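Engineer: Following this message is one structure expressed as structure tokens.
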Amino acid sequence: MEWTVVTVIVALVGLGAAVVRPMLSLNSTIVKLTGAVEALHRNIEELTSRNSKSHDRIFQALDDHGELLQDHEKRITLMEQK
């Protein structure tokens, strides 16, 4: 009878070890992935911000050149009229 109790306890300990070790491994993997996803999220936000600023500069430059072209066209028109 005593050996049966010992066998059951050993089996439960083995089962517990078989379940706990993969859970700990999975938990550490989830923590690493969470950190990686958070870093990726920060990088994407930074990239979006820089992209928006770049677009604003490009559109501003296009607007400036558009004004220069209009001034140039006015000069050509005035020269043609003379």
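Engineer: Rounded to the nearest 500 deg cm²/dmol, what is the calculated helix-only ellipticity per residue at 222 nm for the chain, with -39500 (n - 2.57) per DSSP H run of length n ≥ 4? Walk me through the numbers before you get to the answer.
Structural biologist: Values: 1 runs with 80 residues, N = 82.
Calculated at 222 nm, the ellipticity per residue is -37500 deg cm²/dmol.
Engineer: Near LYS74, which lysines are there with a Cα under 23 Å away, not counting those fewer than 8 places off in the same chain?
Structural biologist: Qualifying lysines at Cα under 23 Å: LYS82.
Engineer: With angles folded into 0 to 90 degrees, how steeply does helix 2-81 sit against the dominant principal axis of the chain? Use alpha carbons for both and round to 10.
Structural biologist: 0 degrees
Engineer: Pick the calculated Rg and Dmax of the Cα atoms in Å for this structure from [x] 35.3, 121; [y] 14.9, 47; [z] 11.3, 34?
Structural biologist: Evaluating Rg and Dmax of the Cα atoms in Å on these atoms matches [x].
Engineer: Roughly what would the spin-label model give for ARG50 and VAL37, points 7 Å off Cα along C-beta, in nm?
Structural biologist: In this crude label model, ARG50 to VAL37 measures out at 2.5 nm.
Engineer: Something else now. For GLU73 and ILE9, compute 0.36 nm times the residue count separating them, minus their Cα-Cα distance, and round to one decimal in nm.
Structural biologist: Working: separation 64, 0.36 × 64 = 23.04 nm, distance 9.42 nm.
Extending this stretch completely gives an extra 13.6 nm.
A short reminder: the numbers here are calculations on the coordinates, not readings from a lab. Everything numeric in this text was worked out from a predicted model, so none of it was measured. All Cβ positions, glycine included, derive from the backbone under ideal geometry; neighbour counts span all protein chains shown.
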